[in-house]
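Everything below concerns the one structure shown next.
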Amino acid sequence: MERIRVLIAKVGLDGHDRGAKVLARFLRDAGFEVIYTGLHRTPQEVARAAVDEDVDVVGISLLSGAHIPLVPRVIQYIREYGGNPDEMLILVGGTIPHDDFPKLREAGVDGIFIPGTPISEIIKFIKEELPKKRKGKSK
Amino acid sequence: MNVEEIVEGVISGNRRLLARAITIVENEYPESKELLRKIYPRTGNAHVIGITGFPGVGKSTIVSKLTEEFRRRGKSVGIVAVDPSSPFTGGALLGDRLRLDGADVNKNLWLDEKVFFRSMGSRGRLGGIAKKTGDVIKLLDAAGYEKILVETVGAGQSEIGVLEVADTVVVILMPETGDDIQVNKAGILEIGDIFVINKSDLEGAENVERWLKYMLSLDEETVIELSKLSHADDAKIMQKLKWKKPVLRTIADKGVGIKELANEIERHYEVIKKNGILQEKRREKAKLSAIELAVEEIRSEIIKRYKQLLDKEIDPYTLADKIVKEVLKC
Ligand SMILES: Nc1nc2c(ncn2[C@@H]2O[C@H](COP(=O)(O)OP(=O)(O)O)[C@@H](O)[C@H]2O)c(=O)[nH]1
Ligand SMILES: [Mg+2]
């Protein structure tokens, strides 16, 4: 029996995780297995968890505005730890200015969700985009 | 990637391949059986420690602090944390990892090369563990992790699943963990080798401890009485006589009492290694998982082969007879 595994990570210094927790709960209700990291994780910690937990989706939530160094670094460390970020859906949620979208996409981010995005849209995105990504975990 | 490569990776300590091997086993992909068969000869070296108790008693916190303590003692630590899956959607919130934080800020358990943490949804299995938890433990074992901590779903019902996988079972209680009856009903006294009253900073710890020790002493008396009867050589009774179940107090979030808990866990392992109980437990485990696998295979074969018969209007008793006779013949 296959289950889609999602990592929800809070990166950086901001201390708000209500949004991340609500999202985690909704994703669970949508049938996903959701691993929540808790607050203040570093890019290395998130990457390590993503690889060890062998997740299909990495959702990074940050409000601090430090997404430009932090998000690309998560992706870089996933690769360094032997994972393949191209097989994962990488999502970012938070207050991200439009101007930064291209940079994030270039770094390997698949979806960017600004505050106020309905959770149903995020779920729909995962369900539609993940099959295109996955080469299938079974050989 | 073929199974050979994955097996090689798991054994040689490649985390990425270990992580993927766990997914293969957990999802029951076609190559799962071959993979498990190949790593089996490499298993049996790890000490598997079950951590069980009601939700919120502090299991994940204790797992984290024990991990730190075992690392201090130079042991590598694998962790499998099981949380309940929703029976309706199959989804699960796996929130045990977020407690993974040692007291020592210079030692980051998230990045420690000798710590491997994996979260699992129970995926429909009752009893505190997932159907594949035992096999995931085998992978960690083959990968060389010396101590494997298994946090079970704290369902508050009989968590007997932990007995199927653990060498040492630690039961966590806390002050005001519901009433005595609830604990009794859960059969928790029987499954535990070591008892911990966590959150001893809260009021009522003495009461729980007094009550628990009393209940355990009753249990002990029964064992001694039984041992006087003819079947005193019964292995289970002997086991109970050789191990007096300790009761410890901890304040897990402050790290208080963790060393003592680790000491008792080690002591239990030494005792069961010496008196042969460990070998016996493991034989029993191997037997049970073989039976489970066989039954599962036969069940799906029956459903496949007797589809037509099953759909026919025939009483189940006659049908069962028919199937058994035919299956036993082949
Ligand atoms: N007061 C107190 N709280 C604790 C102690 N140990 C853990 N906790 C808290 O209890 C809550 C539940 O802990 P957790 O480890 O997640 O419990 P689990 O559900 O059994 O895994 C958390 O908020 C912990 O910080 C303790 O010794 N004393
Ligand atoms: Mg827990």
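The values are calculated or read from the model by the stated rules, or taken from the named source; none is laboratory data. Note that this is a predicted model, so its numbers are computed, not measured. Positions of Cβ are backbone-derived with ideal geometry, glycine not excepted, and every protein chain shown enters the neighbour counts. Note: areas computed on protein heavy atoms with side chains; ligands, DNA, RNA excluded. Shrake-Rupley method; radii C 1.70, N 1.55, O 1.52, S 1.80 Å.
Numerical summary
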read-out: Hey, B:Ile314 of a type in the set (A, V, I, L, M), more than 36 Å from the chain's Cα centre (by Cα) and open to solvent by less than 80 Å² (accessible area, probe 1.4 Å) or not; value: yes
read-out: Segment B:250-270, residues that are of a type outside the set (A, V, I, L, M), surrounded by fewer than 19 Cβ atoms within 10 Å (Cβ to Cβ) and in contact (Cβ under 8 Å) with a residue 40 or more places away in the chain; value: B:Asp253, B:Lys254, B:Gly255, B:Lys259, B:Tyr269
read-out: Within segment B:29-47, considering residues that are away from chain A (no Cβ under 13 Å) and open to solvent by less than 10 Å² (accessible area, probe 1.4 Å), the one nearest to B:Leu17 (Cα to Cα); value: B:Ile39
read-out: Which listed residue, of A:Thr117, A:Thr95, is within 17 Å of A:Val11 (Cα to Cα) and either free of Cβ contacts under 8 Å to residues at least 40 places away in the same chain or surrounded by fewer than 17 Cβ atoms within 10 Å (Cβ to Cβ) (or both); value: A:Thr95
read-out: Within segment B:1-98, helices (runs of 4 or more DSSP H) holding 3 or more residues that are within 21 Å of the chain's Cα centre (by Cα); value: B:15-26, B:32-39, B:59-72
read-out: Identity of the residue in segment B:1-15, surrounded by fewer than 17 Cβ atoms within 10 Å (Cβ to Cβ) and not aliphatic (A, V, I, L, M), that ends up nearest to the other protein chains (Cβ to nearest Cβ); value: B:Asn2
read-out: Selection status of B:Val150, closer than 19 Å to A:Ile35 by Cβ, part of a strand (DSSP E or B) and either of a type in the set (A, V, I, L, M, F, W, C) or within 16 Å of ligand 1 (Cβ to nearest atom) (or both); value: yes
read-out: So B:Gln239, is it more than 16 Å from ligand 2 (Cβ to nearest atom), surrounded by 14 or more Cβ atoms within 10 Å (Cβ to Cβ) and at pLDDT below 70; value: yes
read-out: Filter result for the condition that a residue is within 18 Å of A:Glu129 (Cβ to Cβ), more than 14 Å from chain B (Cβ to nearest Cβ) and either polar (S, T, N, Q) or touching a residue at least 24 places away in the same chain (Cβ under 8 Å) (or both), over A:Ile60, A:Ile68; value: A:Ile60
read-out: Residue match in segment B:56-64 (condition: within 16 Å of ligand 1 (Cβ to nearest atom) and at positive phi); value: yes
read-out: Any hit, segment B:132-140, residues being modelled with pLDDT of 90 or more, closer than 23 Å to B:Asn263 by Cα and within 16 Å of ligand 2 (Cβ to nearest atom); value: no
read-out: Residue within segment B:181-189 that is at pLDDT 85 or above and not in a helix (DSSP H, G or I) present; value: no
read-out: Residues within segment A:33-54 that are more than 7 Å from chain B (Cβ to nearest Cβ) and either part of a helix (DSSP H, G or I) or open to solvent by less than 10 Å² (accessible area, probe 1.4 Å) (or both), tallied; value: 4
read-out: Residue count for segment A:1-32, restricted to those that are surrounded by fewer than 23 Cβ atoms within 10 Å (Cβ to Cβ) and aromatic (Phe, Trp, Tyr); value: 1
read-out: Whichever residue in segment B:90-108 is more than 15 Å from ligand 2 (Cβ to nearest atom) and touching a helix residue (DSSP H, G or I) at 6+ places or on another chain (Cβ under 6 Å) and, among such residues, is nearest to B:Glu151 (Cα to Cα); value: B:Gly102
read-out: Wholly within segment A:55-139, helices (runs of 4 or more DSSP H) carrying at least 1 residues that are closer than 20 Å to A:Ala30 by Cβ; value: A:119-133
read-out: For B:Phe70: the one exception among (1) more than 14 Å from chain A (Cβ to nearest Cβ); (2) away from ligand 1 (no atom under 16 Å from the Cβ); (3) open to solvent by 50 Å² or more (accessible area, probe 1.4 Å); value: (3)
read-out: Meets criteria (surrounded by fewer than 19 Cβ atoms within 10 Å (Cβ to Cβ) and out of contact with any Phe, Trp or Tyr (no Cβ under 9 Å at 6 or more places or on another chain)) for B:Ser119; value: no
read-out: Selection count where residues are more than 19 Å from A:Gly19 (Cβ to Cβ) and open to solvent by less than 10 Å² (accessible area, probe 1.4 Å), scope segment A:55-77; value: 3
read-out: Which numbered condition B:Asp104 misses (of (1) surrounded by fewer than 22 Cβ atoms within 10 Å (Cβ to Cβ); (2) within 23 Å of A:Tyr36 (Cβ to Cβ); (3) away from ligand 1 (no atom under 13 Å from the Cβ)); value: (2)
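Yes/no per residue for (1) among the aliphatic types (A, V, I, L, M); (2) at pLDDT below 90:
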{"position": "A:Glu2", "(1), (2)": "no, yes"}
{"position": "A:Lys10", "(1), (2)": "no, no"}
{"position": "A:Ala50", "(1), (2)": "yes, no"}
{"position": "A:Gly65", "(1), (2)": "no, yes"}
{"position": "A:Ile75", "(1), (2)": "yes, no"}
{"position": "A:Arg79", "(1), (2)": "no, no"}
{"position": "A:Asn84", "(1), (2)": "no, no"}
{"position": "A:Leu89", "(1), (2)": "yes, no"}
